[in-house]
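Below: the structure, in structure tokens.
The values are calculated or read from the model by the stated rules, or taken from the named source; none is laboratory data. Because the structure is predicted, anything quoted here is derived from the model rather than measured. Here the Cβ positions follow ideal geometry from the backbone for every residue, glycine too, while neighbour counts run over all protein chains shown.
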Amino acid sequence: MSSDRPPLLYLVHRIPYPPNKGDKVRSFNILRQLARRHRVYLGTFVDHPDDRQHIAALSQWCEDVHVVDLNPRRARLASLRGLLTGEALSLPYYRDAGLARWVRDTVARHRIRDAVAFSGPMAQYLDVPGLSRRIVDFCDVDSAKWTQYAPERSWPMSWLYRREGARLLAFERRAAAATEASLFVTEAEADLFRRAAPEVAGKVAAMQNGVDAEFFSPTHDLEAPYPAGGPVLVFTGAMDYWPNVDAVTWFAADILPAIRARVPGVRLWIVGMNPSPAVQALVEEGRVVVTGTVPDVRPYLAHADVVVAPLRIARGIQNKVLEAMAMGRPVVLSAAPAVGLAAEDGRDCAIAADASDFADKVVELLARPDLRDAMGKAGRDAVLRGYSWSAHLAQLERLFAMRRADDPAAEAAAQDAPITAPAPAAPR
């Protein structure tokens, strides 16, 4: 790789390749954007054995990669030490002494000044001498997500989730105060954080998601994955992620029966990796299909009659919605994932107020091929207008450039400052 680009530290809570789930789509596209102007030093975790095969591919964009194996079960046990230390459990979950040493040594050896942390817990690694420009991409206000989960759980989990929300917000505020910019996936999420952390409101901005509209395009000739039968509704996503699990179980229980009453042959396909037992329990021979991991989600989108996104617990713009719209398919979504979406209800997509409204909108689309075609075309046009990865992610470099221009003295001081070793993180 060329050495004329400045070095940059990029820390991600999950390996950002392949981009096969929501957070990895965003973290990968950030990596690809950063690599155009920087020599990227990546520190990340691998939390699934299948992802280890993809580590070598990261050399296309990275100068160096440090990967930590994370066993989710052991990490959950390790996170419980937060109950003793008083901190959010998310922090010890992603805490590793080896990664902390690598960060310290890499920053010192390569005189790295710029750093980006993807997801709030990775900000705990940014407190090292030498860094002068730190950006945290929180994506969503995770503390609010935990608080939102609490009413859906019985005690003691409801207490634990409320505690996590409060302790994580305290950490998010400290991290935001110590960094040059805090980014969120929508203006609504950014506003939520500004209200929760008014002391850093001036350093909070939205950086929206995008979509690769050439890859996700209706022009590709993709073979239909569905056997002959009635119309197909499809939901895509990682099916061990609780908001997705909640979405499909709610859809199957409260929405699908109302659709079937008017369209008896309708079929639901749930497409995505790691289906939980609750998702697997939804299978009905020929009527509800759970695929598990698929090599390419595009054929399932391209040949779906309607794409559904019935998320009740959602923060930020959903990649699954943008990808379906880019594929030219009509999308019915609930109000939560529609917040901040630059699309017109009834033209670019259909936004449902409740279960009954959701069923009505799906039935109308199934009955009217002309409406499906028109909405699919309008939805793709909306994606092309408003969701270019390159346009959104150029904001990162502008933030770094503004920091250099606004505070040259801080930059010079950082270049000359001695780098001393911080205390190592607690081992996992």
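Annotation note: Cβ proximity below 8 Å between a residue of region 77-91 that is in the same structural domain as GLU172 (by TED's automatic domain parsing) and a residue that is assigned to a loop (DSSP other than H, G, I, E, B) and of a type in the set (Gly, Ala, Ser) (sequence gap 6+ or interchain) occurs for ARG81/ALA426; GLY82/ALA88. Which ones in region 274-318 are out of contact with any His (no Cβ under 9 Å at 6 or more places or on another chain) and polar (S, T, N, Q)? If the condition is that a residue be out of contact with any His (no Cβ under 9 Å at 6 or more places or on another chain) and polar (S, T, N, Q), then SER276, GLN280, THR291, THR293, GLN318 are the ones that fit.
Could you list all residues from region 141-169 that are surrounded by fewer than 21 Cβ atoms within 10 Å (Cβ to Cβ) and either in the same structural domain as GLN318 (by TED's automatic domain parsing) or not in a helix (DSSP H, G or I) (or both)? Listed by number, the residues that qualify are ARG153, SER154, TRP155, PRO156. Any chance region 381-390 includes a residue that's surrounded by fewer than 20 Cβ atoms within 10 Å (Cβ to Cβ), farther than 23 Å from CYS349 by Cα, at pLDDT 80 or above and not charged (D, E, K, R)? Checking region 381-390: at least one residue is surrounded by fewer than 20 Cβ atoms within 10 Å (Cβ to Cβ), farther than 23 Å from CYS349 by Cα, at pLDDT 80 or above and not charged (D, E, K, R).
Residues considered: ALA261, ALA336, ALA324. Of these, the only one that is without any contact (Cβ under 8 Å) to a residue 24 or more places away in the chain, part of a helix (DSSP H, G or I), among the aliphatic types (A, V, I, L, M) and on the phi < 0 side of the Ramachandran plot is ALA261. Residues in region 184-195 that are among the basic types (Lys, Arg) and within 17 Å of the chain's Cα centre (by Cα): there are none. Within region 184-205, the set of residues being in contact (Cβ under 8 Å) with a residue 60 or more places away in the chain and in a helix (DSSP H, G or I) comprises GLU187, ALA188, GLU189.
Yes or no, residue by residue, for (1) without any contact (Cβ under 8 Å) to a residue 40 or more places away in the chain; (2) in contact with a helix residue (DSSP H, G or I) (Cβ under 7 Å, 6 or more places away or on another chain):
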residue	(1), (2)
ALA342	no, yes
ARG347	yes, yes
ALA352	no, yes
ALA359	no, yes
ARG368	yes, no
LEU371	no, yes
GLY376	no, no
GLY379	no, yes
ALA382	no, yes
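Within region 1-31, the residues that satisfy the criterion of being part of a helix (DSSP H, G or I) and under 22 Å from ARG111 (Cα atoms) are ILE30, LEU31. Restricted to region 170-183, and to residues there that are surrounded by 21 or more Cβ atoms within 10 Å (Cβ to Cβ) and assigned to a helix (DSSP H, G or I), the residue that is nearest to the chain's Cα centre (by Cα) is GLU172. Listed conditions (1) within 18 Å of the chain's Cα centre (by Cα); (2) surrounded by fewer than 24 Cβ atoms within 10 Å (Cβ to Cβ) are all met by ALA302, apart from (1). Tallying residues that are without any contact (Cβ under 8 Å) to a residue 40 or more places away in the chain and not in a loop (DSSP other than H, G, I, E, B) within region 216-252 yields 3. Checked against the criterion of being in the same structural domain as LEU89 (by TED's automatic domain parsing), touching a helix residue (DSSP H, G or I) at 6+ places or on another chain (Cβ under 9 Å) and closer than 15 Å to LEU322 by Cβ, the candidates VAL185, VAL200, VAL204 yield just one match: VAL185. Checking THR236, THR293 one by one, the residue that is farther than 15 Å from CYS349 by Cα and either crowded, with 24+ Cβ neighbours inside 10 Å or acidic (Asp, Glu) (or both) is THR236 and no other.
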